[in-house]
Amino acid sequence: MMILIAVLISGCASIFPGNVPRSSDISKQRAPNLTAPYNKPYKVRGVTYYPLRTAVGYREIGHASWYGSESGNRTAMGTRFVPHGLTAAHKTLPLPSRVRVTNLKNGRHVDVLVNDRGPFTKGRIIDLSRGAAQKIGLHGVDKVKIEHLNDRISQN
């Protein structure tokens with residue numbers, strides 16, 4: 001029985017190999033580890049993405065969506081995805097980064113930890129966890145503003 005559990009757990013590894021921080025380690029991290037596999041260029045569906053070296057001053061307006069059915073899966077950083085958490089996926093921000101996402105439809109905002117890659121759907125700039133989307137009243141797809149937060153996790 002223990003062997004079966006070990007095999008199942010090991011099958012949840014991230015597509016990005018190498019040492020990855022546990023969620024408790026993220027709060028101790030002062031800046032993104034730019035040499036980590038999840039901050040290196042990567043390819044999805046024939047498109048190569050180049051993660052930014054810094055998020056300082058980052059601002060973007062575009063469409064956001066949310067994801068929540070991936071409960072139990074691993075993020076690009078190797079941490080377990082928690083749908084009710086306040087996290088997000090972005091194609092090029094350094095991981096981890098903290099950003100404020102404002103729903104331009106209603107003015108509500110939420111501060112999230114970007115710890116995953118995506119969305120890979122045309123016309124979308126960020127995917128929020130279900131918990132983050134609920135905080136700003138995002139149902140489906142809405143126009144948002146993303147602003148980098150200079151805090152101890154993402155400050156360079």
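The values are calculated or read from the model by the stated rules, or taken from the named source; none is laboratory data. Everything quoted here is computed from the prediction, not taken from an experiment. Quick reminder, even Gly has a Cβ in these numbers, built from the backbone with ideal geometry, and neighbours come from all protein chains shown. Heads up: the accessible areas ignore ligands, DNA and RNA and are worked out on the full protein's heavy atoms, side chains in. Shrake-Rupley method; radii C 1.70, N 1.55, O 1.52, S 1.80 Å.
Observations on the structure shown:
- Leu128 being closer than 20 Å to Leu149 by Cβ, open to solvent by less than 40 Å² (accessible area, probe 1.4 Å) and either assigned to a strand (DSSP E or B) or touching a Ser or Thr at 6+ places or on another chain (Cβ under 6 Å) (or both): yes
- Reported count of residues in the stretch 95-108, each being farther than 14 Å from Ile146 by Cα and either crowded, with 17+ Cβ neighbours inside 10 Å or among the hydroxyl-bearing types (Ser, Thr, Tyr) (or both), is 2.
- The condition of being open to solvent by 20 Å² or more (accessible area, probe 1.4 Å), free of Cβ contacts under 8 Å to residues at least 60 places away in the same chain and under 18 Å from His148 (Cβ atoms) holds for only one of Thr121, Thr54, Thr48, Thr92, that being Thr92.
- Residue check for Tyr67: of a type in the set (Phe, Trp, Tyr) and modelled with pLDDT of 95 or more: no
- Among (1) open to solvent by 20 Å² or more (accessible area, probe 1.4 Å); (2) modelled with pLDDT under 95; (3) out of contact with any Phe, Trp or Tyr (no Cβ under 7 Å at 6 or more places or on another chain); (4) of a type outside the set (A, V, I, L, M, F, W, C) - the single one Thr79 does not satisfy: (1)
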